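The structure appears right after this line, and notes come after that.
The values are calculated or read from the model by the stated rules, or taken from the named source; none is laboratory data. Values in this document were obtained by computation on a predicted structure and should not be read as measured data. Cβ atoms come from the backbone with ideal geometry, glycine included; neighbour counts cover every protein chain shown.
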Amino acid sequence: MKRAARILLSALFCLVITACGSNDMEKTCNVLVLHRMDSLYHRSSVYDRVFEKTLKDNVDNVDIRNIYECGIDKGAYSVFIRQLETLQSEGWTPDVICVTDDNTLESLLEGDYAQWLSVNVDSVPIVAAGLHSPNWGLLRDFSNIAICTDLIDFKTNLELAKSMSGHSVILTELDYDDYDLRLRERLKSETDLPPFVNNSDFHVRNIQITELNEYYKDSIFINVFSNASPEYNRYSDNPVSFRKRVLENLSLTPFLMVKKDQYSDDILNHCITPQFSAIREGFADNRQRLLCGYFASDKTVAEDQAGYVIRILEGASENELPLMSHKRNYYADWHSMKLMGYRHRDFLKAGGNPAGVSFEIENAPFYIQHTIGFILLMLLSAVFFVNVIAYFSRLKFKRSARRIDKSLMELERERDMFTLALQGTDCIIIEGPDDIVALQRRMHPDDADILNGILSEYSGGAALKETIIRLTEDGGKTWRRWQFRCCRDDREHDEVSGVLIDVDETMKFQEQMAEVERVAEEIRQKENFVKNISHEIRTPLNAIVGYSQVLGMDDGSLSDQERFEISQDVHDSNRLLAAMIEDILQFSRLESGRVEVDMVETDISRLMFRIYNEWASSATHDVEFMLDHGRPGVYAMVDPQRIQVIMGQFLRNAFKFTKKGYVKLGWNYDLDNGTVLLYVEDTGCGISEDKRKYIFNLFWKDDMFTTGVGIGLTIAKTFTEKMEGKVVVQSRRDVGSRFGSQFKAYIKL
């Protein structure tokens, strides 16, 4: 018995050990990857695919979560935060955090995402890769980061841009935030010596490109320009006009992209000459912008970063992993090459192109990458299709006689039906171009251009289009409308045939029906308005009456807190009732045409501050009310009182439909178009695309159970248009909305 007991205990012990071992083997490794999308929301699909494949080929049970942020778009940023909140609600904890750019790494280390991450960033292993200009002062405070860099090689890329373009003057765009200032310092250190001339401080005032190219033909002249803040460019000229002159000269200047954001995209849109990139972001994105560059590719960054993650998951300490520099190479984009007339074979070997280097071609078609295999495939396909076509041709020949007979019968039937359709209808048969010219004496003078267009199309051999012309039978006392159906016979170039059909009575009937429908719609809208307003006004009135009765019958049993809450509800109902009555009065003025606007020169920033202060008390505990400061010194010819009404309508809707997040009031000045956008942005429920076209209709509401009479946006749109502006709407369901009014504006310096 003792021996049997020992055997049984040993077996149980082995089962427990095996179970524990299997649980360890099945443990899932969680990897969180934080990215930043570019200004056009491009995601790096190559990076995602290579990183995931490399990890899953070497690690069992790995769960990879890719989360993309777009720093310039508040809507996209809120989606980014919601994804982090989802991970937090799932209890998902990363074993390793990966970061693929400098700005996201700084945000992570400075605690911008701390409230959504269930781990401390100073304790969880972090693998940062593809860094172009690291903030070493910040990184020294952390010992849990493995770093892979792709430091921008300004020298090599500038030499490449000059040799490929043949231009000595190269433009690059850098602003004045911390990241851009580090890039400016790196550019300065690499271009201190000849043949480089660094004009970042604009000590060379002349920006006439032809003169600069000739004078510095043996050098590489670098203009460093801030597009986001032109007032900081160290140039004595007016900053706005100077910015325009720089953008105008972009048709003659190669551009080297060293960062990817909305301002670099603005410059790319102005460029015509070859453009170059010193970074992988935005390269070969099928926009046909950037020709070539020297940097580490997304594939290289993904492989190196995944390799460090694998070593950490196998037990290596992140602070033991050496600082790695990604392998860089020369890359060229197939679409840009074709657009600029470069040959593919010239980029494959050193000496075949002006730079004398070999390039890896991005986005090359399959038949270019696999030429021999493609030719064999095409030959086999040709043989196969020849046999298939021959087989079906035999079948088709057998059926052709029956098909021709059937077609002739159908044509005969169509002719008979057309003849029946014309019976009892006034019509004029057209047999040639002379018949068209003969109509001129009976045609309305305003329709002469129509006749000329018909004859022009006829002489050009184009198919003549159906159109409406007016003809008279009594010398111009009355006019009737005729539909002109005519076509040119391509088989007989001198023949044209068609018919003129009297459609005047039909069109009058259609116009009458359209007017009846319009009047009926107005009646329906006003009936709905009366029903809706009676219901909406009754709601706050009932609350006021009910709470007033409660206070009147109070025998002292109500506490001070209860009295305060009742009085607050009465106050809110009174404010809602006042807003409804004000909307009704505004609408009645619009209907009667008694609304006038008093256009005066207005300081936009001062006006928006005043509106913000008036609405500051409307924010609730769960909704933050913010003011997004735009450019100061912006002025516009508007009516300030009407602007307050417009922004009030936008703000009222924003607070009504936003339960959590923020409501933002702000303004944005567009340098290029000379306009200012006054907007209200929220993180509310948003409006679906199929309903967006109805939002400015009178009395329309997305949710009929919400308070309001449905005329606020109509009032805002009408006031905006009376001040020669236009309403701009952006909205996504479950993300949020932005409503704004855009007006002509200018800057006072």
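If you go through the stretch 65-100 and keep only what is modelled with pLDDT of 90 or more and in contact with a Gly (Cβ under 8 Å, 6 or more places away or on another chain), you end up with just 100.
A residue that is more than 20 Å from residue 293 (Cα to Cα) and modelled with pLDDT of 85 or more occurs nowhere in the stretch 337-358.
Return yes or no: is residue 200 within 20 Å of residue 330 (Cβ to Cβ), among the small types (Gly, Ala, Ser) and under 34 Å from the mean Cα position of the chain (by Cα)? For residue 200, the condition - within 20 Å of residue 330 (Cβ to Cβ), among the small types (Gly, Ala, Ser) and under 34 Å from the mean Cα position of the chain (by Cα) - is not met.
Could you identify the single residue in 144, 135, 120 that is in the same structural domain as residue 88 (by TED's automatic domain parsing) and without any contact (Cβ under 8 Å) to a residue 12 or more places away in the chain?
120
One line per residue, one yes/no per condition, for (1) buried (at least 18 other Cβ atoms within 10 Å of the Cβ); (2) not in a strand (DSSP E or B):
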position: 147; (1), (2): yes, no
position: 157; (1), (2): yes, yes
position: 212; (1), (2): yes, yes
position: 245; (1), (2): no, yes
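The residue that is modelled with the highest pLDDT, among those in the stretch 214-243 that are in a helix (DSSP H, G or I) and of a type in the set (Asp, Glu), is 214.
When the test is whether a residue is free of Cβ contacts under 8 Å to residues at least 40 places away in the same chain and either outside any helix (DSSP H, G or I) or crowded, with 19+ Cβ neighbours inside 10 Å (or both), residue 273 does not pass it.
Listed here are the residues, each with its yes/no results for (1) farther than 30 Å from residue 174 by Cβ; (2) without any contact (Cβ under 8 Å) to a residue 24 or more places away in the chain; (3) in contact with a Leu (Cβ under 7 Å, 6 or more places away or on another chain).
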site: 280; (1), (2), (3): no, no, no
site: 294; (1), (2), (3): no, no, yes
site: 303; (1), (2), (3): no, no, no
site: 308; (1), (2), (3): no, no, yes
site: 311; (1), (2), (3): yes, yes, yes
site: 315; (1), (2), (3): yes, yes, no
site: 324; (1), (2), (3): no, no, no
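Among the residues of the stretch 200-210, is there at least one that is of a type in the set (A, V, I, L, M), surrounded by 14 or more Cβ atoms within 10 Å (Cβ to Cβ) and in a strand (DSSP E or B)? No; the residues of the stretch 200-210 include none that is of a type in the set (A, V, I, L, M), surrounded by 14 or more Cβ atoms within 10 Å (Cβ to Cβ) and in a strand (DSSP E or B). With respect to the conditions (1) at pLDDT below 90; (2) under 30 Å from residue 88 (Cβ atoms), residue 128 lacks only one, and its number is (1).
Taken as a whole, the condition of being within 16 Å of residue 438 (Cβ to Cβ) and at pLDDT 75 or above applies to residue 472. Summed over the stretch 626-674, the residues that are buried (at least 19 other Cβ atoms within 10 Å of the Cβ) and of a type in the set (S, T, N, Q) give a count of 3.
Annotation: of all residues in the stretch 98-127 being among the polar types (S, T, N, Q) and outside any loop (DSSP other than H, G, I, E, B), the one that is farthest from residue 258 (Cα to Cα) is 115.
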